[in-house]
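The values are calculated or read from the model by the stated rules, or taken from the named source; none is laboratory data. Note that the structure is predicted; figures quoted are calculated from it, not measured. Don't worry about glycine lacking a Cβ; one is built from the backbone with ideal geometry, like all the others, and counts go over all protein chains shown. SASA here: full protein model, heavy atoms, side chains in, ligands and nucleic acids out. Shrake-Rupley method; radii C 1.70, N 1.55, O 1.52, S 1.80 Å.
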Amino acid sequence: MFDVIIIGAGISGSSFAQKISKHAKVLLIEADDKINVRTNVFPEHNRLFLNENEINIENRELFPCDHIKTLYFDKNDKGYINSKDFGDPLGKIVYTDRLIKELLRIYEENGGIIHFNEKVTRVSKTPNKIEVSTNKNETYSAKVLVLATGSRAFELQQSLGFEIPDSYLGIYTHLYGTEDQIKENFDFDYMFHINPNISKDGPFFFNVGKERVLTGFLGQKKETEAQIVDKLDRILQNYPYIQSYLKNLTWDKSSFITGKISKHPISKFSKDRILILGEAAGLVTAFFYEGLLSGLVSAEIAANNLKPLFENESTFNDTELRSYDQGLRRTILDNYYKNGAACEYLFYDENSAIIKTIWETYIKLIKENRTLRKQIWEAYRMPIEKYDTSRDKWAGEQLFKKLPTLSKLTLSPKFLKALMKF
């Protein structure tokens, strides 16, 4: 019998496994046979949730370069956040697949067991244990079950009495080139672009590593996998505003990866003997669709919650696990996530003209307002628990002031509702 069974070896599952395996006997089950290649932005505030005695953030194999510049991009304008104007970098670029593999290496060194290419088919619960059955006709038991399944096991999640978050279809792929070519092509490390013709529900982006660049977007409602695959291919082949960035880079349409992306947190993250981490709980920022931070945060809080319970031979009941939910609300949901909710409401809309007006105005504001640029830089770096939503309200007020006069009249109710998200 195990102390903990974890389902899912993404960033939340692997990070939690690495932390809790120092204190418990752990089995990690992953349905896929490998870790998919990913390149992500790693803001400075994420650093607090890695154990730097074990994960060296200066390791260029894992974190290939500093995140110096962010580009907020419009077809006709550009707004840069250049960290050199204010001090230290915004953070790092991370090769997430390599980070996960390093976390799993440490986990195994701690005595943890990993089963790849094994899918959980059923979970049953008794007063004394959790039993997990898989497609390999195996049954395992544990004191605690942790779901870190992303958006891939909602039926299982619902069968255990949990809500599921809203999910959307997304797509990404990697572009490859020499380090010199990528340096020549890109004058930023991260690009965030809103264009309602691509999606009214999320951004198109570039995450720029040394020899590879991740790009993709969030699909619109009712779009199929085939439709968003064809759309991404058309964008890379023909979208004139990004062609200079793609010079001498290669990609393979057959390697495009589609999948659900979830957001809007569920109301309860724990029940007797069960915790839900990361994206499975809807812990993805609603505007940027960034899940790395929330995966690391939920792993940290869960491990800190369970450690004393194992030491005290807990029954892991609902009351004892409640501090996990409370920790999530205190750390990210009650402050940091309010920014995402307000921005999601403001910038994404069924009306393309509204999206276009607000986004174009925001780019101009970034270009012209040094105080706003500095506050964005600080938001990448400040500890999440100290996140200051009053700055977001101020930014919203400045954005409204800069709108064309007629737009102020038509969009004032939207801005007021956005401010009420705080």
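May I ask you to evaluate 6.51 cos²θ - 1.76 cosθ + 1.60, the Karplus curve with θ = phi - 60°, for each residue of the stretch 191-205 and list the ³J(HN,Hα) values in order in whole Hz, giving x for glycine and proline?
Result, rounded to whole Hz: 10, 10, 10, 10, 9, x, 6, 8, 7, 8, 10, x, x, 9, 8.
For the stretch 348-360, just list the computed ³J(HN,Hα) in residue order, Karplus coefficients 6.51, -1.76 and 1.60, θ = phi - 60°, integers in Hz, with x standing in for Gly and Pro.
3J(HN,Hα) across the stretch 348-360, in whole Hz: 9, 7, 5, 8, 4, 5, 5, 4, 4, 5, 5, 5, 4.
Report in % the part of the accessible area of the stretch 149-227 that belongs to carbon and sulfur, leaving out ligands and nucleic acids; probe 1.4 Å.
Numbers: 1460 of 3160 Å².
Carbon plus sulfur share of accessible area: 46 percent.
Which lysines have a Cα less than 17 Å from the Cα of residue 119, not counting those fewer than 8 places away in the same chain?
Residue 119 reaches 34, 136.
Can you tell me the orientation of helix 292-311 relative to the chain, as the angle in degrees between its alpha-carbon axis and the longest Cα principal axis, to the nearest 10?
For helix 292-311, the angle is close to 20 degrees.
Expressed as an acute angle from 0 to 90° and rounded to the nearest 10, what is the orientation of the C-alpha long axis of helix 11-20 relative to the principal long axis of the chain?
Taking Cα atoms only, the helix is inclined about 40 degrees.
Taking the Cα of residue 33, stepping 7 Å toward and past its beta carbon, and measuring to each backbone N in the stretch 160-199: which are under 13 Å?
Taking a point 7 Å out along Cα→Cβ of residue 33, no residue of the stretch 160-199 has its backbone N under 13 Å.
Grab the DSSP H runs of the chain that are 4 residues or longer, score each as -39,500 (n - 2.57), total them, divide by all residues and round the 222 nm result to the nearest 500 deg cm²/dmol. Could the numbers behind the result be given before it?
Working: 12 runs with 152 residues, N = 422.
Rounded to the nearest 500, the figure is -11500 deg cm²/dmol.
Output ³J(HN,Hα) for the stretch 281-288: one whole-Hz value per residue in order, computed from phi by the Karplus curve 6.51 cos²θ - 1.76 cosθ + 1.60 with θ = phi - 60°, and x for Gly and Pro.
Rounded to whole hertz, the list is 8, x, 8, 9, 5, 6, 9, 8.
Given 37 °C and 0.692 mPa s, compute D for the stretch 263-371 with the Stokes-Einstein relation, Rh being the Kirkwood radius over Cα pairs; round to the nearest whole µm²/s. Don't jump to the answer; show the numbers that get you there.
Working: Rh = 15.9 Å.
The estimated diffusion coefficient comes to 207 µm²/s.
Just going by the charge dipole of the chain, with Lys and Arg at +1 and Asp and Glu at -1 on Cβ, which of 6, 409, 175 is farthest out on the positive end?
So the residue furthest toward the plus end is 409.
Going down the table (200/268; 69/393; 69/260; 69/364; 25/143), which pairs top 19 Å between alpha carbons? Write out the running numbers ahead of the final one.
Working: 200/268 29 Å; 69/393 24 Å; 69/260 28 Å; 69/364 17 Å; 25/143 10 Å.
Where the Cα-Cα span goes over 19 Å, the pairs concerned are 200/268; 69/393; 69/260.
Of all accessible surface on the stretch 246-300 at a 1.4 Å probe, what whole percent is carbon and sulfur?
Numbers: 880 of 1740 Å².
Answer for the stretch 246-300: carbon and sulfur cover 51 percent of the accessible area.
What fraction of the DSSP beta bridges in the chain is antiparallel, stated in percent and rounded to the nearest 5?
Numbers: 49 of 68 bridges.
The antiparallel fraction comes to roughly 70 percent.
For the chain, what is the charge dipole size about the Cα centre, in debye to the nearest 20, if Lys and Arg each add +1 at the Cβ and Asp and Glu each add -1 at the Cβ?
The calculated dipole for the chain is roughly 1080 debye.
Calculate the translational D of the stretch 123-226 in whole µm² s⁻¹ from Stokes-Einstein, where the hydrodynamic radius comes from the Kirkwood formula applied to all Cα pairs, the temperature is 20 °C and the viscosity 1.002 mPa s. Can you show the working numbers first?
Details: Rh = 17.5 Å.
Diffusion coefficient, whole number: 122 µm²/s.
Please compute the per residue accessible area over the stretch 65-146 with all protein chains in place, 1.4 Å probe, rounded to a whole number of Å². Spell out each step's value before the answer.
On the way: 3680 Å² over 82 residues.
Roughly 45 Å² per residue, with all protein chains present.
If we count every other residue with Cβ under 12 angstrom of residue 377's Cβ, Lys/Arg +1 and Asp/Glu -1, where does the sum land? Spell out each step's value before the answer.
Values: positive: 69, 84, 370, 373, 374, 381, 391; negative: 44, 85, 88, 378.
Taking every Cβ under 12 Å from that of residue 377, the sum is +3.
Counting only C-alpha contacts under 8 Å and six or more residues apart, can you give the relative contact order of the chain as a whole percent? The partial results should precede the final answer.
Details: 839 pairs, mean separation 82.0, N = 422.
Taking the mean separation of contacting Cα pairs over the length of the chain, I get 19 percent.
What angle, in degrees between 0 and 90 and rounded to the nearest 10, separates the Cα long axis of helix 370-381 from the longest principal axis of the Cα atoms of the chain?
For 370-381 against the chain, the angle is about 10 degrees.
For the stretch 1-132, what proportion of DSSP beta bridges, expressed in % and rounded to the nearest 5, is antiparallel?
Values: 17 of 24 bridges.
The answer is about 70 percent antiparallel.
Could you sort 421, 34, 222 by accessible area so the largest value comes first, with the probe set to 1.4 Å?
Details: 421 90, 34 120, 222 200 Å².
Reading off the accessible areas and sorting them downward yields 222, 34, 421.
What does the charge add up to near residue 216, with Lys and Arg as +1, Asp and Glu as -1, over the other residues with Cβ less than 15 Å from its Cβ? Display every interim value, and only then the final one.
Details: positive: 38, 212, 231, 234, 253, 260; negative: 201, 223, 225, 230, 233, 252, 290.
That sum, taken over residues with Cβ under 15 Å, equals -1.
How much area per residue is accessible in the stretch 325-422 when the probe is 1.4 Å and only protein heavy atoms are counted (Å²)? Write out the running numbers ahead of the final one.
Working: 5000 Å² over 98 residues.
Accessible area per residue: 51 Å².
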